[in-house]
Amino acid sequence: MKVSKFGRRAFALAVVFSGAIAGQALALEPGDAAAGAKVFKKCQACHSIVAADGNKIGPNLHGVIGRKAGTQEGFNYSDAMKASGIVWDEASIEKYLRDPKGFVPKNKMAFVGLKKDSDLANVLAFIKAESGK
Ligand code: HEC
């Protein structure tokens, strides 16, 4: 069978596009907790992940994985966060950090979010390692 030049190009493009879509559906690459500690510096102005530190401008993040959003004792959450119904796991924290205002509209975390997949993966690895200590 003779494939036209156009046909071959279209096929190559289809492969590239389906690859891009499949890539988006995949979870983040496993992150590096040590690199995540550096990313977490951006959070530290407002959050500690050490239980004994208590709440700061933001709620303490110790034990955040598996915790229902808006339930850290002693923290004055927004109504939006309390009503969000989220239980924090890696996937929901990732979505929140990518776009805090988009994922939980009217929540009061004054943070623009993280855009780089590597920053997200690394900070999640850090949170996973530290929040359960
Ligand atoms: C400028 C301060 C600030 C920064 C910076 C910040 N946060 Fe927050 N964060 C908050 C506040 C305030 C809330 C509570 C939001 C509400 O009640 O609407 C919050 C809420 C959260 C929650 C939900 C906790 C819960 O108990 O429901 C998570 C998870 C979180 N932040 C993670 C992070 C991470 C990770 C970073 C860094 C990448 C970060 N935040 C950066 C202020 C901040």
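Each value in this text was obtained by applying a stated rule to the coordinates, not by laboratory testing. Just so it is clear, the structure is predicted and the values come from calculations on it, not from any experiment. We place every Cβ from the backbone using ideal geometry, glycine too, and count neighbours over all the protein chains shown.
Here are the numbers for the structure shown:
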| quantity | calculated |
| --- | --- |
| For peptides 66-76, 118-128, 83-93, sequence by mean Cβ density within 10 Å, most packed first | 118-128, 83-93, 66-76 |
| Extension gain, Val50 back to Lys108 (0.36 nm per residue minus Cα-Cα distance, nm) | 18.7 nm |
| Positive minus negative residues near Cys46 (Lys, Arg vs Asp, Glu; Cβ under 11 Å) | +3 |
| Full-stretch length increase - Ala129, Val87 - with 0.36 nm per residue and alpha-carbon distance subtracted | 13.3 nm |
| Proximal lysines to Lys95, defined as alpha-carbon separation beneath 25 angstrom and excluding residues fewer than eight positions away on the same chain | Lys38, Lys41, Lys42, Lys56, Lys68, Lys82, Lys106, Lys108, Lys115, Lys116, Lys128, Lys133 |
| Relative contact order, percent, the range 72-133 [alpha-carbon distance under 8 Å, six or more residues apart] | 30 |
| Where labels lie 7 Å past Cα in the beta-carbon direction, separation of Thr71 and Ala35 in nm | 3.3 |
| Ranked by how many other beta carbons lie within 10 Å on average, peptides 50-57, 38-45 from highest | 38-45, 50-57 |
